[in-house]
Amino acid sequence: QGGANDYLTKPYDRNELLLRVNNQLNWSRQQREANPLTGLPGNLSINRETEHRLGSGEPFALLQVDIDFFKAYNDHYGYPRGDEAIQTLSRILVEAASRHDEGTFVGHIGGDDFVLLSTPEHAEAIGQEIIDAFNLAVPSLYDAEDRERGHVEVENRRHELENFPLMSVTIAMVSTDRTQ
């Protein structure tokens, strides 16, 4: 099996062979489309899922989630810790989605931007869970001195030190059941 993901024994059924080949192609496509940092579906999958939901006519809500003051955090602490902040939000999104209906979809646009698709009935509760969980997690991402001050000092574009608050999240929500 050296490096194989699947195998069939002889004699094999043609339909089973086609099904397994198709499954491997789908798995390979999903791996290429996933964001390498979070493992979440990327832009192609997000677009496909959004178009599928629009085409189905079933109401859904789209939540776009963005980390506020992430650039200042990333500049101050560096990329590895910035990645940790993004992965923290990713886990929070997946956990919040899993506590609600099975049809919730979480995708990673890139950087500190995410999308969550849900039923309109659950969207606001999921959004509030995300905000609350991120607010609880944020202090542990900072060094004690910055956490106590409530901000980080980072050079702005004019090369002057500027204070940036601790990170938070902003969530914008659009729901298809509210179109008039």
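Show me, for segment 4-15, the HN-Hα J-couplings you get by feeding each phi into the Karplus relation (A = 6.51, B = -1.76, C = 1.60, θ = phi - 60°), rounded to Hz, glycine and proline as x.
7, 9, 7, 7, 10, 9, 7, x, 10, 8, 4, 5
Please label the shape of segment 1-111 as rounded, prolate or oblate, based on the square roots a ≥ b ≥ c of the eigenvalues of the alpha-carbon gyration tensor (a/c under 1.5 means rounded; beyond that, a/b larger than b/c means prolate, else oblate).
Judged from the Cα gyration tensor, segment 1-111 comes out oblate (a/c at least 1.5, b/c at or above a/b).
Could you order the peptides 10-21, 98-109 from most to least packed, using the average number of other C-beta atoms within 10 Å per residue?
In decreasing order of mean packing, 10-21, 98-109 become 98-109, 10-21.
Say the dipole of the chain comes from +1 at the beta carbon of Lys and Arg and -1 at that of Asp and Glu; which of L62, N15, L40 then lies farthest toward its positive end?
The listed residue farthest towards the positive side: N15.
Just to check I understand the Karplus step: with θ = phi - 60° and J = 6.51 cos²θ - 1.76 cosθ + 1.60, what whole-Hz values come out for segment 108-120, glycine and proline as x?
So the J values, rounded to whole Hz, are 10, 5, x, x, 9, 10, 10, 10, 10, 10, 8, 6, x.
Mind jotting down the distance between the C-alpha centroids of segment 101-147 and segment 37-56, whole Å?
17
Residues of segment 25-170: accessible area per residue at 1.4 Å, in Å²?
55
Classify segment 45-97 from the C-alpha gyration tensor, please: rounded if a/c falls under 1.5, else prolate or oblate depending on whether a/b exceeds b/c.
The shape class here is prolate.
Going toward the positive end of the dipole of segment 74-180, with +1 on Lys and Arg Cβ and -1 on Asp and Glu Cβ, which of A96, I171, G82 do you reach last?
Result: I171, furthest along the dipole toward the positive end.
Rounded, prolate or oblate: which fits segment 84-132, taking a ≥ b ≥ c as square roots of the Cα gyration tensor eigenvalues, rounded meaning a/c under 1.5, else prolate when a/b beats b/c?
prolate
Give me the dipole magnitude in Debye, nearest 20, for segment 48-180 about the Cα centre, with unit charges on the beta carbon: positive for Lys and Arg, negative for Asp and Glu.
200
Quick one: net charge around E155, please, counting Lys, Arg +1 and Asp, Glu -1 for every other residue with C-beta under 10 Å from its C-beta.
With Lys, Arg at +1 and Asp, Glu at -1, the net is -2.
For the chain, with all protein chains present and a 1.4 Å probe, just round the carbon and sulfur fraction of the accessible area to a whole percent.
C and S atoms contribute 50 percent here.
The values are calculated or read from the model by the stated rules, or taken from the named source; none is laboratory data. Keep in mind that what you see is a predicted model, and the values were worked out from it rather than measured. Neighbour counts are summed over all protein chains in view; Cβ atoms, including those assigned to glycine, are modelled from backbone coordinates with ideal geometry. What goes into the accessible areas is simple: the full protein's heavy atoms, side chains included, and nothing from ligands, DNA or RNA. Shrake-Rupley method; radii C 1.70, N 1.55, O 1.52, S 1.80 Å.
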